[in-house]
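Have a look at the structure below before the remarks.
Readers should treat all values here as calculations from the given coordinates under stated rules, not as data from a laboratory. All of these numbers come straight from a predicted model, not from anything done at the bench. Virtual Cβ from ideal backbone geometry, glycine too; neighbours counted across all protein chains shown.
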Amino acid sequence: MHLSYLPFDLTLLIKLKLKTIIYQSSKIFYRTIGNGRLVVLIHGFAEDGEIWKNQIEFLQQHFTLLIPDLPGSGQSSMIQDMSIDGMAEVIKYILDKEKMEACTMLGHSMGGYITLAFAEKYLDNLVSFGLVHSTAFADSEEKKTNRLKSIVFVKKNGAFEDPRSQAASHPSTRVTKQDPRFARALNFCDPPVS
């Protein structure tokens, strides 16, 4: 593998602890690194934990980081409940398995919605949380329209996969245009037919 294709700086890659757990018969991949108070970094839609690679170098010097690939993303398999609440349950399961009780949670984009769902159910497990390019407010009409366009595109063409991902060849991580779980992942119904 060419070094420029490494998901993280080589020195960070050596320090990262790459882990998997089984959640309801599905493989969930995550990374841990650093020392100090726990910070959970949750990526957004159509991303994986690698989205945080530019923040890890600094943050790992001050915090213990837990960086999952959400179900159906990166190296994690899909789960039955691909809703926002279902993904929040996966985060709680990882924390329980790691015997980590209280954390700061930062959610990027859709990860912010997952963070809010987690906070709603497990507020006692949060020291604090933050939303990065996300909001607690209802989406604007423009954002809803753009998301519906994305759903139509994925239903027509299928989801993209990173060919470098070890999970790309695993059938449970592939989402095709016929797979309704993809649209359900965001709790959306079919867009109106025009």
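Here the residues Arg31, Arg147, ranked from fewest to most Cβ neighbours within 10 Å of their Cβ, fall in the order Arg147, Arg31. Once both labels are positioned 7 Å from their Cα atoms along Cα-to-Cβ, the gap between Lys19 and Tyr122 label points is 1.2 nm. Computed from backbone phi with θ = phi - 60° and the Karplus coefficients 6.51, -1.76 and 1.60, the 3J(HN,Hα) list for region 116-132 is 5, 5, 4, 4, 5, 9, 10, 4, 5, 8, 10, 7, 6, 8, x, 10, 10 Hz; x is used for glycine and proline. Sorting Lys19, Lys156 from the fewest to the most surrounding beta carbons within 10 angstrom yields Lys156, Lys19.
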